[in-house]
Structure formats: C-alpha cells, structure tokens
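Here the structure comes first, spelled out in structure tokens, and everything after it is commentary.
Only the coordinates and a few stated rules stand behind these numbers; no lab work does. Predicted model, so just to flag it, every value in this text is computed and none were measured. As a convention, Cβ positions derive from the backbone with ideal geometry for all residues, glycine included, and neighbour counts pool all protein chains shown.
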Amino acid sequence: MVLETQRLVLREMTQADFPTLCKILQDDDVMYAYDGAFSFDEVQGWLDRQIERYKEFGFGLWAVVLKETGIMIGQCGLSMQDCNNDKVLEVGYLFQKEHWHHGYASEAAIACKEYAFDKLDAKEVYSIIRDTNIPSQNVAIRNGMTCVDKFIKHYRGIDMPHLLFSVKKIL
Ligand SMILES: CC(C)(COP(=O)(O)OP(=O)(O)OC[C@H]1O[C@@H](n2cnc3c(N)ncnc32)[C@H](O)[C@@H]1OP(=O)(O)O)[C@@H](O)C(=O)NCCC(=O)NCCS
C-alpha cells in the first residue's frame, strides 16, 4: 500500500489488475478525455507504463481500492507529464463510471497532492485537463487548484485544447 484515506487505499497495480483496468480503459465514457476506448493492447501498454514508472520514479498511477469492499474502483496517482516544453508532476485520475459522484476521485487526488508535497518534496503539482472535461476540472478545484494556463495537446492525431491547473505547497 502506498497511501490510505478515510475510505480508500491506493496501491501499485499488478498484472492481476488487468481485467479491472479493461473495465475502466475500455469504457468510451471514461475514455472521452483520451478520445475513446482502448484496445486490449493499449490497456496492456498503459499497465506496463505504470509498472515502469513505479520502478523509475517510485510513483505512477496507482490502483484505488474501496476499503469497504476491497475492490479496485479506479486509478489515481502521480506522473511526470510534458507540458509547454517542460515536465510537470501531475495528479491524474480515472474512475469506473459506477463509482462516480461519491467524492472518491477528489479524496484520492487530495491524498496524492499531499504525498507529492510531503514525501516527494514537490513545490507545485498540476493537473492537465481537456477544456470540456468539467467533472475533472471540478476535482482539480476541490484539490485546491486553479487554472494557470491553456495549451493545445496533440493526442492520437487530434489537437485538443487543454487547461493547466496547479496548486503550490504552502511553505
Ligand atoms: C474525472 C472523474 C474521476 C470525476 O469523477 P466525479 O465522480 O465527478 O468526482 P468525485 O469522485 O470527486 O465525486 C464528486 C461528486 O460526488 C459528490 N459527493 C458525494 N458524496 C461525497 C463525499 N462524501 N465527499 C465528496 N463529494 C461527494 C460531490 O458532490 C460531487 O458531485 P457531482 O458529481 O454532482 O459534482 C470522472 O468523471 C472520470 O473518471 N472521468 C473519466 C476520466 C477522466 O476524465 N479523467 C481525468 C482526465 S484529466
């Protein structure tokens, strides 16, 4: 386990999480921000990338497990992302649709921000969000973030306007 909140446990993903990951990453509604559902190969690539990140950085997107049931309901975590020719430490989150609207994403995102500040000694953390993704922007706002920039992200051959949200550590 990496992190614990009131209702959630965040832990590293393993190959055993592949079926749950498919439920998240192969759902068109969840994957709207990524321009559609992933193939099985793309899901495996995503999982492999998180496992590589754990090894390289000690963090990545983690599995979010509901304490009450022990079941993985989503992913939330930290990763280095390209942004305006720079690298930023991002808090990212994707949850199974049936677990939206319970505050789980915000609870997990806040814990990841605090982990970045307290354990990684980050001075600022970011969330990069498609301009039309209001639920995700609301999570960022609940995480204490404000919008600090706008830019175009090139993804799967498409130009997508994105907003850069950030929050600074209070020193
Ligand atoms: C982004 C995403 C995780 C947000 O999910 P969400 O359910 O809106 O966010 P939360 O889990 O924080 O839940 C907040 C909602 O739960 C409600 N809620 C219920 N119980 C709550 C509690 N105990 N504490 C806090 N909020 C609670 C809030 O009022 C809020 O309601 P709303 O949905 O009507 O605004 C989800 O939409 C998603 O997975 N989207 C697809 C992937 C994606 O876009 N990821 C981000 C890429 S940048």
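Figures for the structure shown
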| read-out | value |
| --- | --- |
| Label-point gap, in nm, between Glu114 and Asp82 - each point 7 angstrom along Cα→Cβ | 3.4 |
| Residues of type lysines that Lys97 reaches as a straight line, Cα spacing below 17 Å, ignoring anything fewer than 8 places off in the same chain | Lys23 |
| Residue order, fewest to most beta carbons within 10 Å, for Trp46, Trp100, Trp62 | Trp100, Trp46, Trp62 |
| Once exposed loop trypsin sites (Lys or Arg not before Pro) are cut out (DSSP; at most 13 other Cβ, 10 Å), longest piece of the chain | 1-66 |
| R0 of 22 Å, Cβ-Cβ distance Lys153-Phe40: FRET efficiency to nearest 0.05 | 0.35 |
| Per-pair calculated FRET efficiency, R0 = 25 Å: Lys67 and Arg142 via Cβ, rounded to 0.05 | 0.80 |
| Fully extended contour minus Cα-Cα distance, from Asp121 to Phe18, at 0.36 nm per residue | 33.9 nm |
